Amino acid sequence: MGHVLSGKELAKTVRADVKRRVSESTYRPPGLTVVMVGEDPASEVYISYKQKACRKVGIESEVKRFSADVDQSEVLAEIDRLNTDDDIDGILVQLPLPNHLSESTVAARVSPGKDVDGLHPVNVGRLWRGESGLFPCTPTGIVELLRHYGVAMDGALAVIVGRSNIVGKPLAALLLRENATVVITHSHTSDLPGLTSSADVLVAAAGSPGMIGPDHVKPGSTVIDVGISRTEEGLKGDVDFDSVIDVSGGVTPVPGGVGPLTIAFLLRNTVQAWMEHTTGR
Ligand code: NAP
């Protein structure tokens with residue numbers, strides 16, 4: 001029987017560290033603006049979590065809202081304004097955007113130094129080049145969780161299910177930096193179980209509830225479940241937790257695994273951007 005790899009304890013430590021850094025500073029508080037287009041209910045929930053988390057650590061947050069049919073030029077103009085606003089350290093564009101807006105154009109408009117989601121091409125390039133920058137929160141949280149539980153990454157075979165710009169691809173870059181051997185799989189991958197069942201570290205980020213069962217898992221390995229799907233039975237991860245925990249060495253639960261880390265590392269990214277803006281550090 002494997003261990004339950006909760007993200008709550010690490011998230012608490014990260015939040016406390018952020019709060020301490022903010023409270024000990026003599027500078028103005030950090031400022032985060034969330035840009036929200038439309039009224040997606042799941043996005044509204046995430047935004048309220050983010051705002052609550054900001055309040056608790058002393059980050060000032062605001063939401064800039066646009067109607068679902070807004071012109072892209074209006075969103076870009078607001079991002080331009082936020083880029084030059086000295087009181088704003090972080091700009092987060094809540095995804096998904098309505099289809100008529102280009103996520104890549106909008107992401108590329110955010111100043112790289114305020115890009116707390118790590119989606120600007122400059123930050124993506126820095127990540128793959130092994131340089132410092134602002135990197136996506138969920139993958140950062142996953143690597144820190146593995147470190148927290150003492151899971152070996154150096155030399156490990158890491159298999160990632162999913163190749164999105166926000167999870168799968170940046171996680172591959174971060175794990176490469178830890179000297180893991182990384183395989184990225186996706187919906188065109190043939191023989192998925194053949195690959196996942198040789199992984200020392202398996203990360204499921206497909207958004208397909210329960211798709212990873214015991215046959216996908218190497219005995220004793222570490223399984224990280226990123227997936228969050230709303231089903232009739234409540235929130236479900238991509239991993240069939242009850243059966244996989246019997247095979248693996250450790251599994252993250254849903255909820256309470258990766259989710260709390262995403263918000264904690266958003267706070268940390270905001271503080272990182274703030275420190276660079278206010279002190280040049
Ligand atoms: P996404 O953009 O929809 O990407 C999903 C990826 O999974 C795609 O690359 C897709 O392949 C692949 N995929 C889907 N079904 C597959 C299958 N049966 N076999 C192999 N690969 C498959 O999703 P995302 O934004 O990365 O998010 C993934 C999941 O994580 C979602 O449930 C999301 O809600 C959750 N999430 C959680 C957090 C958190 O804080 N816990 C943060 C972000 C996301 P193709 O590229 O070939 O289509």
Q: Can you work out the accessible area per residue across the chain, with the rest of the protein chains kept in place, probe 1.4 Å, in square angstrom?
A: 46 Å²
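When the helix-only estimate is applied to the chain (DSSP H runs of n ≥ 4, each -39,500 (n - 2.57), divided by the residue count), what is the mean residue ellipticity at 222 nm, nearest 500 deg cm²/dmol? Please report the intermediate quantities before stating the final value.
On the way: 10 runs with 114 residues, N = 281.
Helices in the chain give a 222 nm mean residue ellipticity of -12500 deg cm²/dmol.
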Q) Can you give the net charge of the other residues whose Cβ lies under 15 Å from the Cβ of Gln51, counting K and R as +1 and D and E as -1? A) +4
Q.
Give me the extension gain from Thr26 to Ser198: residue separation times 0.36 nm, minus the current Cα-Cα distance, reported in nm with one decimal.
A. 56.8 nm
Q | Normalised alpha carbon radius of gyration of segment 9-167 [divisor 2.2 N^0.38 Å] | A | 1.11
Q: Starting from the Cα of Ala16, step 7 Å toward the Cβ, then list every residue of segment 262-276 with an amide N under 20 Å from that point.
A: 262-269, 271-272
(Q) Considering the Cα positions of the chain, please state its Rg to one decimal place and its Dmax as a whole number of Å. (A) 18.8, 56
Q. Which residue, chosen from Ile59, Val34, Ile79, occupies the Cα position most advanced towards the positive end of the dipole of segment 29-111, where the dipole is computed from +1 (Lys, Arg) and -1 (Asp, Glu) charges on Cβ about the Cα centre?
A. Ile59
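How much of the DSSP bridge set in the chain is antiparallel, in percent, rounded to the nearest 5? Could the numbers behind the result be given before it?
Working: 3 of 33 bridges.
About 10 percent, rounded to the nearest 5.
For segment 120-170, divide the Cα radius of gyration by the Kirkwood radius and give the resulting Rg/Rh value with two decimals.
Values: Rg = 11.7 Å, Rh = 12.0 Å.
Radius of gyration over Kirkwood radius for segment 120-170 works out to 0.97.
Kirkwood hydrodynamic radius (Cα pairs, Å) of segment 189-275? If you can, show how the numbers build up before the last one.
Numbers: mean 1/r = 0.0731 Å⁻¹.
Final number for the Kirkwood radius of segment 189-275 is 13.7 Å.
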Q: Using a Gaussian network model of the chain whose springs link C-alpha atoms within less than 10 Å, name the residue from Phe265, Phe135, Phe241 with the highest mean-square fluctuation.
A: Phe241
Q) Contour minus end-to-end for Glu44 and Thr278, with contour as 0.36 nm per residue of separation and end-to-end as the Cα-Cα distance? A) 81.2 nm
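Would you mind calculating the relative contact order of the chain from Cα pairs under 8 angstrom and at least 6 residues apart, reporting the percent as a whole number?
23 percent
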Q: Starting from the Cα of Lys236, draw a straight line to each of the aspartates and glutamates and keep only those under 15 Å, dropping any in the same chain fewer than 8 residues away.
A: Asp225
Q) Once label points are set 7 Å from the Cα along Cα→Cβ at both Lys64 and Val4, what is their separation, rounded to one decimal in nm? A) 4.1 nm
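Going down the list Lys19/Lys50; Lys12/Lys56; Lys50/Lys114; Lys12/Lys52; Lys8/Lys218; Lys8/Lys52, which pairs span over 18 Å between their C-alpha atoms? Working shown, then result.
Values: Lys19/Lys50 14 Å; Lys12/Lys56 11 Å; Lys50/Lys114 16 Å; Lys12/Lys52 14 Å; Lys8/Lys218 25 Å; Lys8/Lys52 16 Å.
Exceeds cut-off: Lys8/Lys218.
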**Q.** Rg followed by Dmax, in Å, when segment 137-259 is reduced to its Cα trace
**A.** 12.8, 40
Q: Treating the Cα atoms of segment 29-111 as identical point scatterers in vacuum, please give the log10 of the normalised Debye intensity I(q)/I(0) at q = 0.11, 0.17, 0.19 Å⁻¹, two decimals.
A: -0.28, -0.66, -0.82
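The values are calculated or read from the model by the stated rules, or taken from the named source; none is laboratory data. As the structure is a computational prediction, the values presented were derived from the model and not from experiment. Ideal geometry is used to build each Cβ from the backbone, glycine not excepted, and the neighbour counts take in all protein chains shown. Just so you know, the surface numbers come from the protein's heavy atoms only, side chains and all, with ligands and any DNA or RNA stripped out. Shrake-Rupley method; radii C 1.70, N 1.55, O 1.52, S 1.80 Å.
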